[in-house]
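The values are calculated or read from the model by the stated rules, or taken from the named source; none is laboratory data. The structure displayed is predicted, hence computed values, not measured ones. Please note: Cβ atoms are built from the backbone with ideal geometry, for glycine as well, and neighbour counts cover all protein chains shown. Heads up: the accessible areas ignore ligands, DNA and RNA and are worked out on the full protein's heavy atoms, side chains in. Shrake-Rupley method; radii C 1.70, N 1.55, O 1.52, S 1.80 Å.
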Amino acid sequence: MFGQLLSSLADGLLLGFVYGLAAMGLSLIWGVMTVINLAHGPVIALGMFTAYLLFTQAGVNPYLALFAVAALGLGLGLVIYGVAVHRVIDAPHLSTLLATFAVNMIIIGVGTAVFTTSPHNIDYSLGSLALGPITVPFTRVVAAFAALAATALLYLFLYFTRPGKAIRAVANNRMAAELMGISSTTMLALSFGLGTLLACVAGGLIATFFPFTILSGGPYELKSFVICVLGGLGNPLGALLGGLLLGGLEGLVPAFMPVSWVPVVEFGLFVLVLLLRPQGLLGAR
């Protein structure tokens, strides 16, 4: 029993890294441009289907396919920003919510027509990893390391490259950044592209261990909101911590109560954090 509990907790924590990666995209977009991206869920689903098609149609290893998934995510984010978000970036928040919700419905509508709502899955296994009483699927371990690598690359990009520093400058004070010669439009588009890239990569990783449809991104979008609140909205690294907390909860809760209670506990925690510490665990007061 104790070994099973440890295995469930380890499995949940490994999954939490991927949840954190998905939420990181949502958090980055909010932190830079204060836009809540309601197209986040369908974008995650597109990452799933891109990895699936490359694996089934071209025989590409699903982890190598992540590079193509990332490129698609970046390009898609730039297009969504240019077409739907840029025109309303300075409008009230309701305008950006409606714009990204419209993108959400377009992706779901086209995706349903192309892929239907039948479940798909990537039939790929790496066996299991056993460490004492703990046994977890090795795909979870690889996905966790991939999520950590993506997080590290994002951190290095934002803090040690010129475009990354420009993005942070625009996030801090857009007008001052423009006075320093930084194109805020370019940096905002790049930020949206990076946020979409992270969501797509997370989707590609999730597809290696769960069946999915074009509607599967919805639950992960809701989890991303919970994670962002836990870690601090606008804090990408806080999203990783929030993902670990949520993944740990998902691993532990089924050991003590029916699995149907997992969403109740998650959203109960969501409300509790909003009431007691609305800035999140790593957010500024």
- prompt: Could you list, in sequence order, the residues of region 48-67 that are over 15 Å from the mean Cα position of the chain (by Cα), part of a helix (DSSP H, G or I) and crowded, with 19+ Cβ neighbours inside 10 Å?
  reply: PHE49, THR50, ALA51, TYR52, LEU54, PHE55, ALA65
- prompt: Hey, among ALA22, ALA91, which residue is in contact with a Lys or Arg (Cβ under 8 Å, 6 or more places away or on another chain) and either modelled with pLDDT under 95 or within 22 Å of ILE214 (Cβ to Cβ) (or both)?
  reply: ALA22
field: Check on ALA202, open to solvent by 30 Å² or more (accessible area, probe 1.4 Å) and of a type in the set (A, V, I, L, M)
entry: no
message: Looking at ALA199, ALA152, can you tell me which residue is farther than 20 Å from ARG87 by Cβ, at pLDDT 95 or above and either of a type in the set (A, V, I, L, M, F, W, C) or in contact with a helix residue (DSSP H, G or I) (Cβ under 7 Å, 6 or more places away or on another chain) (or both)?
response: ALA199
query: Looking at this structure, is ASP11 of a type in the set (Asp, Glu) and either crowded, with 24+ Cβ neighbours inside 10 Å or free of Cβ contacts under 8 Å to residues at least 60 places away in the same chain (or both)?
result: no
message: So for region 5-24 (the condition being farther than 15 Å from GLY247 by Cα and either among the hydrophobic types (A, V, I, L, M, F, W, C) or assigned to a helix (DSSP H, G or I) (or both)), does at least one residue qualify?
response: no
- line: Condition set in contact (Cβ under 8 Å) with a residue 12 or more places away in the chain and touching a Phe, Trp or Tyr at 6+ places or on another chain (Cβ under 8 Å), scope region 162-191, selection most open to solvent (accessible area, probe 1.4 Å): answer is PRO163
message: Could you list, ordered by first residue, the pairs with Cβ atoms under 7 Å in which the first is in region 140-161 and under 21 Å from LEU13 (Cα atoms) and the second is open to solvent by 50 Å² or more (accessible area, probe 1.4 Å) and not in a helix (DSSP H, G or I), at least 6 apart or interchain?
response: VAL141/LEU129; VAL142/LEU126
statement: Of LEU74, LEU38, the only residue that is assigned to a helix (DSSP H, G or I) and either within 13 Å of the chain's Cα centre (by Cα) or of a type in the set (A, V, I, L, M, F, W, C) (or both) is LEU74
message: Just to check your reading of the model, which residue among VAL136, VAL110 is part of a helix (DSSP H, G or I) and either among the aliphatic types (A, V, I, L, M) or more than 23 Å from TYR19 (Cβ to Cβ) (or both)?
response: VAL110
message: Kindly evaluate ALA45 against the criterion of being assigned to a helix (DSSP H, G or I), of a type in the set (Gly, Ala, Ser) and open to solvent by 40 Å² or more (accessible area, probe 1.4 Å).
response: no
- request: Please note which helices (runs of 4 or more DSSP H) are completely contained in region 212-281 and include at least 1 residues that are over 30 Å from LEU53 (Cα atoms) and open to solvent by 70 Å² or more (accessible area, probe 1.4 Å).
  value: 236-256, 262-276
message: Return the residues of region 128-141 that are closer than 26 Å to CYS200 by Cα and out of contact with any Ser or Thr (no Cβ under 8 Å at 6 or more places or on another chain); say none if nothing qualifies.
response: ARG140, VAL141
query: Restricting the search to region 83-109, which residues are of a type outside the set (A, V, I, L, M, F, W, C) and exposed (fewer than 14 other Cβ atoms within 10 Å of the Cβ)?
result: ARG87, ASP90, PRO92, HIS93, GLY109
